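Report on one structure; see the data block that follows.
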């Protein structure tokens, strides 16, 4: 089984205690971290690189961060094609917009931007948004084995 910690919309300029606690406690034993954009600063990126990190840029990321991470990516993890993108525009219809970001077939799309936790299946594709670390105080865990399980974590 693969266990992935999922973050989006952290909007941090420095590594704070809440992020350290999340990684130490709820993300203990994860195999990697996926960050779906709006990390905001290279300082946070450098800290998260202590784990295996798959990140994409968000609309609020600083210039230096936008230079080192891609706007989207597709990763093969445990026989699942996972598309990762931040998203854009209104929260309404965001799943359709992030789906259009990927020409190839994907099994899962991880996204952020709306700051609203969401997990749903549309036309056979699983969509997961962990919500906003800063605003909704949520993150996510994805476990991939024979099945895919998503769960939300409330950040203290």
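The values are calculated or read from the model by the stated rules, or taken from the named source; none is laboratory data. In this text the structure is predicted, and so the values were computed from the model without any measurement. Because the Cβ atoms are built from the backbone with ideal geometry, glycine has one as well, and the counts that use them run over all protein chains shown.
Residue 18 falls short on exactly one of the conditions (1) part of a strand (DSSP E or B); (2) touching a residue at least 40 places away in the same chain (Cβ under 8 Å); (3) surrounded by fewer than 17 Cβ atoms within 10 Å (Cβ to Cβ), and that condition is (1).
Applying the criterion of being within 10 Å of the chain's Cα centre (by Cα) and assigned to a strand (DSSP E or B) to the residues of the range 1-15, the residue that is surrounded by the most Cβ atoms within 10 Å (Cβ to Cβ) is 7. In a residue-by-residue description of the range 64-74, the property of being without any contact (Cβ under 8 Å) to a residue 12 or more places away in the chain and over 13 Å from the mean Cα position of the chain (by Cα) applies to at least one position. All of (1) in a loop (DSSP other than H, G, I, E, B); (2) without any contact (Cβ under 8 Å) to a residue 60 or more places away in the chain; (3) under 13 Å from the mean Cα position of the chain (by Cα) hold for residue 84 with one exception: (1). Of the listed requirements (1) modelled with pLDDT of 95 or more; (2) under 20 Å from residue 126 (Cβ atoms), residue 91 misses just one: (1). Inspect all residues belonging to the range 60-76 and state whether any of them is buried (at least 21 other Cβ atoms within 10 Å of the Cβ), closer than 23 Å to residue 116 by Cβ and out of contact with any helix residue (DSSP H, G or I) (no Cβ under 8 Å at 6 or more places or on another chain). Checking the range 60-76: at least one residue is buried (at least 21 other Cβ atoms within 10 Å of the Cβ), closer than 23 Å to residue 116 by Cβ and out of contact with any helix residue (DSSP H, G or I) (no Cβ under 8 Å at 6 or more places or on another chain).
With the structure loaded, tell me whether residue 56 is in contact with a strand residue (DSSP E or B) (Cβ under 6 Å, 6 or more places away or on another chain) and in contact (Cβ under 8 Å) with a residue 12 or more places away in the chain or whether it fails that test. In short, yes.
The set of residues in the range 21-32 being in contact (Cβ under 8 Å) with a residue 24 or more places away in the chain and part of a helix (DSSP H, G or I) consists of 21, 22, 23. When the range 108-156 is filtered for residues that are at pLDDT 95 or above, touching a helix residue (DSSP H, G or I) at 6+ places or on another chain (Cβ under 9 Å), crowded, with 16+ Cβ neighbours inside 10 Å and over 15 Å from residue 87 (Cα atoms), the ones remaining, listed by number, are 125, 133, 139, 153. Selection of first residues in the range 130-156 that are on the phi > 0 side of the Ramachandran plot and touching a residue at least 60 places away in the same chain (Cβ under 8 Å) and of second residues that are part of a strand (DSSP E or B) and buried (at least 19 other Cβ atoms within 10 Å of the Cβ), restricted to Cβ pairs under 9 Å at least 6 apart or on distinct chains, gives the following pairs, ordered by first then second residue: 131/138; 131/139; 131/140. Selection of the range 33-53 for residues being in a loop (DSSP other than H, G, I, E, B) and touching a strand residue (DSSP E or B) at 6+ places or on another chain (Cβ under 6 Å) yields 36, 51, 52.
Across the range 59-76, the qualifying residues are those that are in contact with a strand residue (DSSP E or B) (Cβ under 6 Å, 6 or more places away or on another chain) and part of a strand (DSSP E or B), and the one among them that is nearest to residue 97 (Cα to Cα) is 72.
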